[in-house]
Amino acid sequence: KQEVTQIPAALSVPEGENLVLNCSFTDSAIYNLQWFRQDPGKGLTSLLLIQSSQREQTSGRLNASLDKSSGRSTLYIAASQPGDSATYLCAVRGETSGSRLTFGEGTQLTVNP
Amino acid sequence: DGGITQSPKYLFRKEGQNVTLSCEQNLNHDAMYWYRQDPGQGLRLIYYSQIVNDFQKGDIAEGYSVSREKKESFPLTVTSAQKNPTAFYLCASNRQLSGNTIYFGEGSWLTVV
């Protein structure tokens, strides 16, 4: 059974700092991996989707990498801003899981002004 | 604007009652999903539907029921058999079974009183 782990569970940084969020998964037979942002009491917003054949994806100040063989992904946020404060979740879709996504528990990020 | 609409945003259920959460999408997506999120935890899949008039159980389907009579609509009923229904419920959809970004609604809070 696929398990997704996100470390750390919470992170607090000063504004302007570059930071890395980690996501690991136990079964490397994945179709893709997706990073999401969730504000308190809100739904999830997709940030980046990485297909299993890709190594990384970039969108603005965000860069997500994928090392499928080692079961790891990182989300790099450059020049963090207070508006980046949210919970970040990663989710994987397994090759044999059809439509199912397996989610990590998220990293709660606070960027202090 | 295209998107996923969930209603109501807040719902209170008395013991022994069934309640229905609405989910409507105008994105012309084939697949729709219901997830449950408990505080500080990741998302768990309740039910999903790949096509009209067809749906499959997720990881925690007991005590829930769904229907998919129209492509745009995927309502979730929380029955009295669900012993711990207090949670945040998220509806999602995407175009295909896999490979495409999944989009989420804003969620519905259900509380048992």
Could you grab me the full set of residues in the range A:6-32 that are surrounded by fewer than 16 Cβ atoms within 10 Å (Cβ to Cβ) and β-branched (Val, Ile, Thr)? A:Ile7, A:Val20, A:Thr26
Within the range A:89-98, is there a residue that is closer than 21 Å to B:Leu43 by Cα, among the hydroxyl-bearing types (Ser, Thr, Tyr) and within 14 Å of chain B (Cβ to nearest Cβ)? yes
Heads up, the strands (runs of 3 or more DSSP E) in chain B (entirely inside) with at least 1 residues that are modelled with pLDDT of 95 or more and away from every other protein chain (no Cβ under 14 Å) are B:19-25, B:64-66, B:76-78
Scan A:Thr58, A:Thr5 and give me the residue that is within 15 Å of the chain's Cα centre (by Cα), within 30 Å of B:Gly3 (Cβ to Cβ) and among the hydroxyl-bearing types (Ser, Thr, Tyr). A:Thr58
Among (1) farther than 24 Å from B:Arg44 by Cβ; (2) in contact with a Leu (Cβ under 6 Å, 6 or more places away or on another chain), where does A:Ala78 come up short? (2)
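The values are calculated or read from the model by the stated rules, or taken from the named source; none is laboratory data. Fair warning: this is a prediction, and the values are worked out from it, not measured in the lab. So basically every Cβ, Gly included, is an ideal-geometry build from the backbone, and we count neighbours across all protein chains shown.
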